[in-house]
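Beneath this line is the structure, given in structure tokens, with notes to follow.
The values are calculated or read from the model by the stated rules, or taken from the named source; none is laboratory data. Only a predicted model underlies this, so the values are computations on that prediction, with no experimental measurement involved. Glycine gets a Cβ as well: all are built from the backbone with ideal geometry, and neighbour counts include every protein chain shown. Surface areas here come from the heavy atoms of the whole protein model, side chains and all, with no ligands, DNA or RNA. Shrake-Rupley method; radii C 1.70, N 1.55, O 1.52, S 1.80 Å.
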Amino acid sequence: MLVAMFFVDILALIILFLIKNKISEKKFTNIKQRIFTWFIIIILFYLATMSRIYLLLLFGLISTLAFKEFLQFAYIKYNSELMITSIIVNLAFYLGIYFKNLYVLLILFILIALRFYKRAFIIFAFFITTYLIGSISYIEDLNFIINYMILIELNDVFQYISGNIFGERKITPNISPNKTVEGLIGGMILTTLTAALLKYIFHINYQIKFIPYIALIGFFGDIFISALKRKVNLKDSGTLLLGHGGILDRVDSLIFTAPIILFIFKYS
């Protein structure tokens with residue numbers, strides 16, 4: 001599947017250069033940056049499928065960077081103390097995940113709460129960026145994780161395309177003006193159809209009956225981060241991912257879907 005995505009990315013790059021003269025320089029540069037960033041994402045996903053340790057390192061990096069971005073939503077300065085704390089917390093959390101020791105995760109959260117009991121937003125930031133986003137890494141089947149993460153990313157793309165083509169009725173005009181009913185429904189339909197097609201062709205273990213709900217919940221994660229950004233007048237959560245914004249701009253759909261996917265793996 002990752003190989004297919006790699007070739008799709010190459011095809012997109014070729015098409016972009018073929019239509020270069022028909023779009024503005026600014027749009028060309030933005031799309032090119034998005035495509036090259038996707039090459040990096042695909043490579044990271046590929047490495048994550050090679051070893052559980054690689055996958056946990058990737059999630060640890062995502063959680064640490066996402067925590068830094070999340071703090072700006074409450075105007076909290078990311079100083080050396082918070083940086084070191086974030087690294088230690090995520091190291092402990094993903095070691096707990098690796099050894100499947102839920103007591104470590106529980107004790108860790110209690111320690112976080114005791115340390116920052118007067119700064120509730122920091123506790124909330126760790127809960128979102130480490131405990132929710134990282135919950136999917138508890139799954140041992142690496143391909144299962146990557147396949148669902150790819151599907152979540154495709155859902156974002158499908159919602160964007162559907163909204164641009166058919167979008168008329170805005171869902172949250174005061175939070176994210178570009179989100180439309182048509183984009184949401186189109187994303188849910190196309191994501192479900194894609195999952196069904198990939199399951200048929202590549203025999204990927206998608207639970208099709210859950211896909212529309214995952215697409216919908218992913219949308220709420222997007223809106224959640226958009227609302228926080230709107231509160232502090234930010235367009236993007238960061239600039240790390242060229243053409244995409246910050247880490248949270250790329251993994252916002254995973255915030256609420258990660259625990260749902262863990263539930264699907266455990267009980268379906």
Q.
Please count how many residues of segment 238-267 are within 18 Å of Trp38 (Cα to Cα), of a type outside the set (D, E, K, R), open to solvent by less than 60 Å² (accessible area, probe 1.4 Å) and touching a residue at least 24 places away in the same chain (Cβ under 8 Å).
A. 10
Q: For segment 82-103, name all the residues that are in a helix (DSSP H, G or I) and either among the aromatic types (Phe, Trp, Tyr) or at pLDDT below 95 (or both).
A: Phe93, Tyr94, Tyr98, Leu102, Tyr103
(Q) Only one of Lys26, Lys77 is in a helix (DSSP H, G or I) and either open to solvent by 30 Å² or more (accessible area, probe 1.4 Å) or free of Cβ contacts under 8 Å to residues at least 12 places away in the same chain (or both). Can you tell me which? (A) Lys26
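Lys209: within 29 Å of Met50 (Cα to Cα) and of a type in the set (Lys, Arg), yes or no?
Numbers: within 29 Å of Met50 (Cα to Cα): yes; of a type in the set (Lys, Arg): yes.
The answer is yes for Lys209.
Being in a helix (DSSP H, G or I) and either at pLDDT 90 or above or touching a His at 6+ places or on another chain (Cβ under 9 Å) (or both) is the filter here, so list the residues in segment 151-176 that pass it.
Within segment 151-176, the first condition is being in a helix (DSSP H, G or I), and the residues that meet it are 151-166.
Hits for segment 151-176 are Leu151, Ile152, Asn155, Gln159.
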Q: Give the residues of segment 87-126 that are small (Gly, Ala, Ser) and free of Cβ contacts under 8 Å to residues at least 40 places away in the same chain, sorted by residue number.
A: Ala92, Gly96, Ala113, Ala120
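In segment 120-145, how many residues are open to solvent by 20 Å² or more (accessible area, probe 1.4 Å) and either out of contact with any helix residue (DSSP H, G or I) (no Cβ under 9 Å at 6 or more places or on another chain) or in a helix (DSSP H, G or I) (or both)?
Taking segment 120-145 first, the residues open to solvent by 20 Å² or more (accessible area, probe 1.4 Å) are 120-121, 123-124, 127, 131-132, 138, 140-143.
This time we only want the ones that are either out of contact with any helix residue (DSSP H, G or I) (no Cβ under 9 Å at 6 or more places or on another chain) or in a helix (DSSP H, G or I) (or both), so: 120-121, 123-124, 127, 131-132, 138, 142-143.
Summing the residues that are open to solvent by 20 Å² or more (accessible area, probe 1.4 Å) and either out of contact with any helix residue (DSSP H, G or I) (no Cβ under 9 Å at 6 or more places or on another chain) or in a helix (DSSP H, G or I) (or both) in segment 120-145 gives 10.
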Q) Is it the case that Ile217 is in contact with a Ser or Thr (Cβ under 7 Å, 6 or more places away or on another chain) and under 17 Å from His244 (Cα atoms)? A) no
**Q.** Selected residue (only one of Tyr148, Tyr160 is closer than 25 Å to Ala258 by Cβ, open to solvent by 60 Å² or more (accessible area, probe 1.4 Å) and in contact (Cβ under 8 Å) with a residue 12 or more places away in the chain)
**A.** Tyr160
